[in-house]
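Right, one structure below, let's go through it.
The values are calculated or read from the model by the stated rules, or taken from the named source; none is laboratory data. Because the structure is a prediction, the values reported are computed rather than measured. Neighbour counts are summed over all protein chains in view; Cβ atoms, including those assigned to glycine, are modelled from backbone coordinates with ideal geometry. Only protein heavy atoms, including side chains, enter the accessible area calculation; ligands, DNA and RNA are left aside. Shrake-Rupley method; radii C 1.70, N 1.55, O 1.52, S 1.80 Å.
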Amino acid sequence: MTADIPDTAPSWLDEIPERLAALDAAHLSRRRRRVRPAGGASLWVDGRELLAFCSNDYLGLSQHPALAAAAVAATRVYGVGSGSSPMVSGHSEANAALEEELAAFVGLERALYFYAGYATNASIVPALVGPGDALFSDALNHACLIDGARLSKADLQRYAHADLAGLESLLTASPARRKLVITDAVFSMDGDVVDVAALIALCERHDALLLIDDAHGFGVRGPQGRGSLAAIGRVGPHASRRVVYMATLGKAAGVAGAFVAGSHTLVEWLLQKTRSYTFATAAPALLAESVRAALGVMLAEPERLARLQRNIAALRAGIPAAIAGTAWRLLPSPTAVQALVIGGNDEALRVMQALADAGLWVPAIRPPTVPAGTARLRIALSAAHEEADIERLLRALGEAARRSHT
């Protein structure tokens with residue numbers, strides 16, 4: 001029997017400490033924090049209570065008693081885990097009911113419920129196109145769409161952010177028989193909204209399919225929060241067969257997972273061909289029942305969406321005075337995502353720390369998540385925020401701006 005020999009040979013693994021140090025030097029290191037709800041929009045963060053403007057819980061539903069009660073009740077019937085892939089034995093009655101209710105909520109023929117949003121996009125794109133096909137991606141799409149595009153091995157062409165004229169030129173020039181356009185509906189780091197109606201018209205003219213990621217629009221946009229397609233009336237009898245609609249359930253819905261909706265035929269194809277659906281354990285029924293409860297609350301408590309919209313308006317009205325004298329700029333956004341561009345990584349981190357010192361958690365977003373030179377505060381608003389919370393944030397931003405200016 002050979003004795004173990006210490007592994008002391010030079011290796012690329014020896015470079016990792018230096019690479020970590022380089023991240024630190026560029027102000028690009030990230031760290032996790034231990035959090036626990038503290039009531040309202042506040043969180044206990046590493047043992048300290050902070051008013052949070054960092055959560056995608058846009059309607060404040062994650063702590064709603066109806067959702068918690070639904071989860072508890074489901075465990076008595078289904079237990080905790082689902083036990084298998086949905087294609088084997090994991091497609092519970094609760095999951096099936098949720099798919100029907102999701103399809104009805106967004107006004108499309110059929111829905112397919114997934115365990116996670118990232119895995120959904122990363123797998124449905126390769127299920128729709130492959131080698132020899134053409135794929136057109138907005139330059140600011142979320143990482144999961146980008147990864148799905150790479151995995152598809154289709155001919156990938158990126159168009160400048162929201163440049164529909166540029167996209168049309170690419171579509172016109174493409175000889176591919178199968179074309180897929182992929183885009184966020186609400187862009188997660190800027191908060192701006194794409195022209196979905198124009199994109200649908202483009203795809204209809206060029207025999208293309210459109211995949212819309214409405215992660216930050218579902219529950220927030222359209223009547224009763226029914227999403228970005230409902231916002232333009234392209235649902236029900238007006239729905240387009242050229243649209244695959246995807247949305248996550250861990251943001252405005254307050255739970256976890258995601259779903260894809262569209263025509264019966266498209267959804268059936270995705271059920272048959274999406275690897276992250278076929279080969280992953282299904283989402284537990286307790287989550288499905290919680291999402292069903294969330295849909296009920298969204299319809300029964302419209303004041304939540306109205307309060308979110310008031311918070312958005314109040315923040316946008318107060319920001320110009322708060323940041324006067326700085327080069328900071330608030331990007332246009334009608335959504336819960338409000339991006340305050342600071343510029344340099346170090347300055348964005350200093351402002352984030354100044355807000356933290358004042359008892360507020362507003363995350364600094366830096367490259368590579370956003371382009372170099374556009375480090376920002378990503379202010380995420382929620383129906384859980386009170387008017388006084390918005391005023392407190394504006395005061396703290398004003399003080400941070402004065403310190404930066406001097």
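Descriptive notes on the structure:
- On full extension, the segment bounded by ALA356 and THR369 gains 2.5 nm, given 0.36 nm per residue less the C-alpha separation.
- Three principal axis lengths of the range 175-284 [C-alpha, angstrom, descending]: 41, 32, 30
- Helical mean residue ellipticity (222 nm; -39500 (n - 2.57) per DSSP H run of 4+; nearest 500) of the chain: -12500 deg cm²/dmol
- A simple charge model with +1 on the Cβ of Lys and Arg, -1 on the Cβ of Asp and Glu and nothing else charged puts the dipole of the chain at about 360 debye relative to its Cα centre.
- Signed unit charges on C-beta, dipole axis of the chain, positive-most listed residue ALA165, ALA9, ALA258: ALA165
- The calculated FRET efficiency for SER89 paired with LEU156, based on their beta-carbon distance and R0 = 45 Å, is about 0.75.
- Under Karplus coefficients 6.51, -1.76 and 1.60, residue-wise ³J(HN,Hα) of the range 27-32 in Hz, glycine/proline x: 6, 10, 6, 10, 9, 8
- Rounded to the nearest 20 debye, dipole of the range 1-117 from Cβ charges on Lys, Arg, Asp, Glu: 480
- For VAL243, residues with placed amide H under 5 Å, excluding near neighbours: LEU210
- Accessible area of the range 172-317 belonging to carbon and sulfur atoms, whole % at 1.4 Å probe: 54
- Largest to smallest principal axis extent of the C-alpha atoms in the range 247-406, angstrom: 60, 37, 26
- Spin-label model, GLU18/ARG392: points 7 Å from Cα along the beta carbon direction are separated by 4.7 nm.
- In terms of its C-alpha gyration tensor, the range 1-48 comes out oblate, because a/c is 1.5 or above while a/b does not outweigh b/c.
- Choice from SER137, SER276, SER174 showing the highest fluctuation, given a GNM over the chain with Cα pairs closer than 10 Å: SER174
- Here, the range 79-232 is characterised by an Rg to Rh ratio of 0.99, where Rg is the alpha-carbon radius of gyration and Rh the Kirkwood radius.
- The range 296-392: GluC sites (Glu not before Pro) falling in loop per DSSP and having at most 14 other Cβ within 10 Å: GLU386
- Accessible area of the range 329-404 belonging to carbon and sulfur atoms, whole % at 1.4 Å probe: 53
- Rolling a 1.4 Å probe over the heavy atoms of the protein chains gives the chain an accessible area of 46 Å² per residue.
- Accessible surface of the range 9-56, 1.4 Å probe, proportion on carbon and sulfur as whole %: 55
- Shape class for the chain: rounded, because the ratio a/c of the largest to smallest gyration tensor axis (alpha-carbon atoms, square roots of eigenvalues) is under 1.5.
- Between THR369, THR183, THR335, the residue with the greatest mean-square fluctuation in the GNM of the chain (Cα pairs under 10 Å linked by springs) is THR369.
- Global form of the range 216-331, assessed from the alpha-carbon gyration tensor, a/c cut-off 1.5: prolate
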